[in-house]
Structures are given as structure tokens and as C-alpha cells.
Amino acid sequence: MSIFKVVLISVFVFFTVVAVLVFAGGGGGGGSQAGIGGEIIFWGSIPESQMLNIIDEINQNNNLYKISYVEKRKENFDIELVEALASGKGPDIFTLPNDLVVRHSDKVAIVAYTALTEREFKNTFIQEGEMYFTSEGILALPFSVDPLIMYWNRDLVSSAGLATPPATWSEFYELVPLITTLDKASNIIQNTVALGEFNNISHAKDILAILIMQAGNPIITSGMNGWQVVLSDAFGFSVSPAESALRFYTEFSNPAKPIYSWNRAEALSLNAFTSGKLAFYFGYASEFDIIKNKNPHLNFDIALLPQAKDSQSKITFGKMEGLAISKTSPNIATAFEAIKLLTSQEVSLKISDAIGLPSTRRDILSSKNPDPYKSIFNSAALMSRAWLDPSPRETDRIFQDMIEGVSSGRYRISETILRANSEIDRFFK
């Protein structure tokens, strides 16, 4: 063989090896995948100070793509997202809260069940995450959850001769006479529980919603015909779940009832609890540090939210945020890899520790947590549910009308629920 042929063959082999290495990701610092790369812009409401180290670590260990986190304030998030997507300058991925699923579902690139099966999703994430299911695929992957729990004043409860907080709602019928104190003019000096009103009760809509859901009504259902409002449905009960829940809720602000414990002249329920006047407060896990900081001397503890008596399934309300891919993203394949990484076991655990809220992953929640408070948070996360609120501001008004219409005596319970069902249904039409 001539020297020319030997040189020619050697050059050909050299370039062939180089080409193989390039397309296989070899010799280039950590590998590559077809169509995966570039920068992913991530919009979220978690403070940047809590996310920065986690994102930096991800980027240092990832040679395929880079994630850039942009903090957006919750109160402006909705408007800024709509405007940015409309102008073509929106993020690649963004957090999608449970109360904005309906509003923003048309802006999301759906994850097909062939990319992530329904079974894989259910085995990985808590049940509340299934609100992101559609007939075509998945709108978002569960990212964080903030469950509703019960805070209780240990001094007030023990002074009433009680060893433990109530586990069921019916127990409050016996608790109120033991804890609530009235003066000679029937003014409330000490409150047992903040129920019955709207404006001065933190999370009034969510509390009433979970009472309705615990009674057996999901408020919104999803099926072949899309989302359906079922607030006024009886579901086979002689009295509809919504009627039972609304009657129970409003009785606590009725002076004629033996469980009278609250009225619209009271301070905000959170402030009443931190001042030591209120025995039981229904708040979110994220409020734990807020309560401690407002009154470091308050002797309080936490417990799971009370349940309906004899209920087979225990549930609480959970404010969930998922990670969704923008339909306008120029790099959807990479965005999908990013949300999978951000909801992976390792990263989810780090984010949970950073923000002080439970993970949405079953494998993390199933591990026993030695922290007595975080163990309650984790149990509550597994119980969390929510309803597909079509317009948070408008449904605030609708729930307020339901509560105040009954507490003031303006409307019958069945009448106000039918009206609320009709008003919510308009958003789905």
C-alpha cells in the first residue's frame, strides 16, 4: 500500500472518530442529548434568596442547559405572566398554582402521557397533583404544597380540662361552652374558634371549601365534557354536602346558638390567635414562623385539620404550585428536562428544606421526619386537596356572599348555594 493511501485512510479514520465523539457527547465535557440545550428561564414566586444556591448547584453540575430563576411577587405574578406571554417575552417554565389552572391552562405545553405516564405520576406525587391531569396529558408537575393545618393554644385548651385538640368537627359542639367566655353584655371575651364570618377570618374561602369537600362534594369535577360545577349537587345525600358545610360554618357566628364563638366585630383571626384570645386557628404551614415571630411567648402547638366524623378519607386543603412549560417556549424539550430535574427527589428535598414546606413527592414524605412539626406538615401534605378555582378574586366574592347571606339571614342556605353554583359556572362557559 502506498504512503499516500495510508495517510488518506488515517485522516478518514481520525475524522470519523471525532464525529462519533461529537454526536455521542464524548470529549466535550459531560455529554449531550439531541435537541437539549440552551437557557431555560424559570419564573416563580419563591424568594430568590431561597432558590439561588439550589439553581447555582444545578447549573454547576449540568452541562446540557442552564436554568435562570426570576422571582416574581405573587400579587403581580398573574398579570405579568399574561403580559409577557402575549408579547413573546415570557418564561420557558413557570409556577402554576391550583387557583390559576383554569385561567392559564391554554398557555401551557401539555406533557403527553407517553412522556410521563399517569401511573408514574401517581406513584411519584401526592394525590392533589392529579388536578393537573387532562384528557390530553399533564399541565404541570407538582412543585410545592402548603397544607392547611390547625394551630391550637395549649394554655387555653388545657385550662378547659382537655388533654388533646379535637380530631373531628363535631367535637367543637362540646368545646365551645368550655372555652368561649362572654361578659354580661354578651360580648365575647375569649374565643374558641373563628368560623361563621368572612372578612375577619383568614382563609375563610379555603376553610369553607374544605368543609364542603370533606362532606363529599369536590365543587368542580373533570370528565369527558371538561370541567363541571357541582357545588349544589346532593351526591345522593338527603341534604347536600354544601348545605351541611355552610350551615355548620355559619352557626358559630349565630348568637342564638350554644356554639356562638365569633362575630364580625372580632379582630382578624390570625391576630386573635397570636394575641392569645383565640383557642384554635386554621392556617397554613407557611404561617408557622409568622406566628412564632408575632408572639414568641405564645404557648401553641399544631395538629392536623379536623375531619368529618366517621369519614373514611382524611383530607385538608393544600395550596399547590406546579411547574408548567410555556406553550410559547422555543425550547420545549429542554424545558421538560428542566421541570423533571426540579421535581426530582434530590432537588425537591433541597427546595423543601429551603422554603420550609413539605415536598410533593411520596418517596420523601414517606420517610419519618424527626422534627415534630415537619412530621405534621408531611402528613397534611399527603392529605392535601384543592378545587379548580376559575377566578380567585371573583370566587372570593361569591363565597363571601354565601357566608354573609346566611349569617345575616338574607338568604336561605339552599338558595345561596344555587346562586353560587350558577355564578361559578359562568366562568366555565
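Readers should treat all values here as calculations from the given coordinates under stated rules, not as data from a laboratory. Owing to the predicted nature of the structure, the values given are computational and were not obtained by experimental measurement. Every residue, glycine among them, receives a Cβ derived from its backbone with ideal geometry; neighbour counts consider all protein chains shown.
What the table below lists for this structure:
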read-out	value
Cα-Cα pairs of region 249-354 separated by more than 16 Å (percent)	75 percent
CD proxy at 222 nm, helix term only [per DSSP H run n ≥ 4: -39500 (n - 2.57); per residue of the chain; nearest 500]	-12500 deg cm²/dmol
Cα radius of gyration and Dmax for region 107-243 (Å)	20.6, 68
Entries in LYS277/LYS368; LYS257/LYS429; LYS122/LYS294; LYS107/LYS205; LYS294/LYS374 that, when Cα-Cα distance is taken, lie over 32 Å	LYS277/LYS368; LYS257/LYS429; LYS122/LYS294
Relative intensity, log₁₀ I(q)/I(0), of the chain from a Debye sum that treats every alpha carbon as a point, q = 0.07 Å⁻¹	-0.41
Debye, to nearest 20: dipole size of region 240-315, +1 on Lys, Arg Cβ, -1 on Asp, Glu Cβ	120 debye
Using alpha carbons only: equivalent-ellipsoid semi-axes of region 278-329, gyration tensor based, whole Å	30, 22, 6
5 Å binning of all Cα-Cα separations within region 172-261, expressed as whole percents from 0 upward	3, 13, 20, 19, 17, 12, 7, 5, 3, 1, 1, 0
Magnitude of the charge dipole, the chain, Cβ model with Lys/Arg +1 and Asp/Glu -1, debye to 20	200 debye
Selected from SER253, SER375, SER87 as most flexible by GNM, with the chain as the system and alpha-carbon contacts under 10 Å	SER87
Relative contact order, percent, the chain [alpha-carbon distance under 8 Å, six or more residues apart]	25 percent
Of PRO258, PRO165, PRO147, the one that fluctuates the most in a GNM where the chain has Cα springs shorter than 10 Å	PRO258
Charge dipole of region 364-424 about the Cα centre (unit charges at C-beta), most positive-ward option of SER407, SER379, THR395	SER379
Diffusion coefficient, µm² s⁻¹, Stokes-Einstein with Kirkwood Rh over alpha-carbon pairs of region 59-150 at 20 °C and 1.002 mPa s	141 µm²/s
Fluctuation leader among ASP371, ASP389, ASP78 - the chain, Gaussian network, Cα springs under 10 angstrom	ASP371
Within region 129-214: Cβ-based charge dipole about Cα centre, in debye rounded to nearest 20 (Lys, Arg +1; Asp, Glu -1)	240 debye
